[in-house]
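Chemist: Quick one: the structure is below, questions incoming.
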Amino acid sequence: DAGVIQSPRHEVTEMGQEVTLRCKPISGHDYLFWYRQTMMRGLELLIYFNNNVPIDDSGMPEDRFSAKMPNASFSTLKIQPSEPRDSAVYFCASSPFPGLWYFGPGTRLTVT
Amino acid sequence: KQEVTQIPAALSVPEGENLVLNCSFTDSAIYNLQWFRQDPGKGLTSLLLIQSSQREQTSGRLNASLDKSSGRSTLYIAASQPGDSATYLCAVRPWGGSQGNLIFGKGTKLSVKP
């Protein structure tokens, strides 16, 4: 298996633009997580899905952020409109059962 | 509110040295504690998972301990190698928290010099 796949790996955009981050989890994993990592706040959970259903989105910063999982093999995290403070590394992780996480390589987002 | 602290933020040691990384958490009501390794430009790799009922876990040259009552965990690395250079993160899953709600420390950046 190729592991968790994220795209793009790097994204540079201007303030106000829409940004879409993509994730393909490991096949057979029922859980999918989106995390954000910044120097100031470290790693924070944004949202997670179980069997394609959003379970906990309490970490989503505000309405500008939305996440979807239309099927078991694909998820998106969208920011609209983007702001400079959204600059961070966004990680997707999948899990076959509670307690074991497999992280993707991350998407480094820069909003100018 | 659960907070996880890792000290030191950075550590540099010569190759071959044994070392200890520290992690502390403010609320002892945890489901488990996990140590991760993060390499530059890459995601996190799980190293060791300790359930709340366990005291330690071992994998190769790595040994992690957990003392819930004092809110501490240590990661012991024996005979360090340059390939061990990375950032090590500690994360707790609070008891009663949702499955994905890991609370991470900010990590210790380890550099092992040849």
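The values are calculated or read from the model by the stated rules, or taken from the named source; none is laboratory data. Small disclaimer: the values here were computed from a predicted structure and weren't measured. Reconstructed Cβ throughout: ideal geometry from the backbone, glycine too, with neighbour counts over all protein chains shown. The accessibility values were calculated without ligands, DNA or RNA, using every heavy atom of the protein model including side chains. Shrake-Rupley method; radii C 1.70, N 1.55, O 1.52, S 1.80 Å.
Chemist: Which percent, to the nearest 5, of DSSP beta bridges fully inside chain B are antiparallel?
Modeler: Beta bridges within chain B, antiparallel portion: roughly 90 percent.
Chemist: Sticking with this one: Against the globular-protein guess of 2.2 N^0.38 Å, express the Cα radius of gyration of region B:56-114 as a ratio, rounded to two decimals.
Modeler: After normalising by residue count via 2.2 N^0.38 Å, the value is 1.31.
Chemist: Enter the accessible area per residue of the protein assembly as shown (Å², integer; probe 1.4 Å; all protein chains in place). Don't skip to the answer; put the middle values down first.
Modeler: Details: 10880 Å² over 226 residues.
On a per-residue basis, 48 Å².
Chemist: Taking the Cα of B:Ile7, stepping 7 Å toward and past its beta carbon, and measuring to each backbone N in region B:25-46: which are under 17 Å?
Modeler: Those under the cut-off are B:25-27.
Chemist: What does the highest-first list of A:50-61, A:27-38 look like by mean Cβ count within 10 Å?
Modeler: Numbers: A:50-61: 14.2, A:27-38: 20.2.
Top to bottom by mean Cβ count within 10 Å: A:27-38, A:50-61.
Chemist: Oh, and also: For region B:58-63, just list the computed ³J(HN,Hα) in residue order, Karplus coefficients 6.51, -1.76 and 1.60, θ = phi - 60°, integers in Hz, with x standing in for Gly and Pro.
Modeler: Per residue, the Karplus-derived 3J(HN,Hα) values read 10, 8, x, 7, 9, 9 Hz.
Chemist: Probe radius 1.4 Å, ligands and nucleic acids ignored: give me the carbon and sulfur share of the accessible area of region A:1-56 as a rounded percent.
Modeler: About 49 percent, which is the carbon plus sulfur part of the accessible surface.
Chemist: Please list 3J(HN,Hα) in residue order for region A:12-28, calculated via the Karplus relation 6.51 cos²θ - 1.76 cosθ + 1.60 where θ = phi - 60°; whole Hz, with x for glycine and proline.
Modeler: Whole-Hz 3J(HN,Hα) from phi for region A:12-28: 10, 9, 8, 3, x, 7, 8, 10, 10, 9, 10, 9, 10, x, 6, 4, x.
Chemist: Another question about this same structure. What does the charge add up to near A:Phe49, with Lys and Arg as +1, Asp and Glu as -1, over the other residues with Cβ less than 12 Å from its Cβ?
Modeler: Once all neighbours under 12 Å are counted, the net charge is -2.
Chemist: To continue, here is another question. Counting only other residues whose beta carbon sits under 12 Å from that of A:Arg22, what net charge do I get with K and R as +1, D and E as -1? Walk me through the intermediate numbers first.
Modeler: On the way: positive: A:Arg9, A:Lys24, A:Lys68, A:Lys78; negative: A:Glu11.
In short, +3.
Chemist: A:Ser82: net charge of surrounding residues, Cβ under 15 Å, Lys/Arg +1, Asp/Glu -1, itself excluded? Provide the component values of the computation, followed by the final result.
Modeler: Numbers: positive: A:Arg36, A:Arg64, A:Lys78, A:Arg85, A:Arg108; negative: A:Glu11, A:Glu14, A:Glu18, A:Glu62, A:Asp63, A:Glu83, A:Asp86.
That sum, taken over residues with Cβ under 15 Å, equals -2.
Chemist: Describe numerically, in nm with one decimal, the distance between label points set 7 Å from Cα along Cα→Cβ at A:Gln80 and at B:Glu15.
Modeler: Simple spin-label model gives 5.3 nm for this pair.
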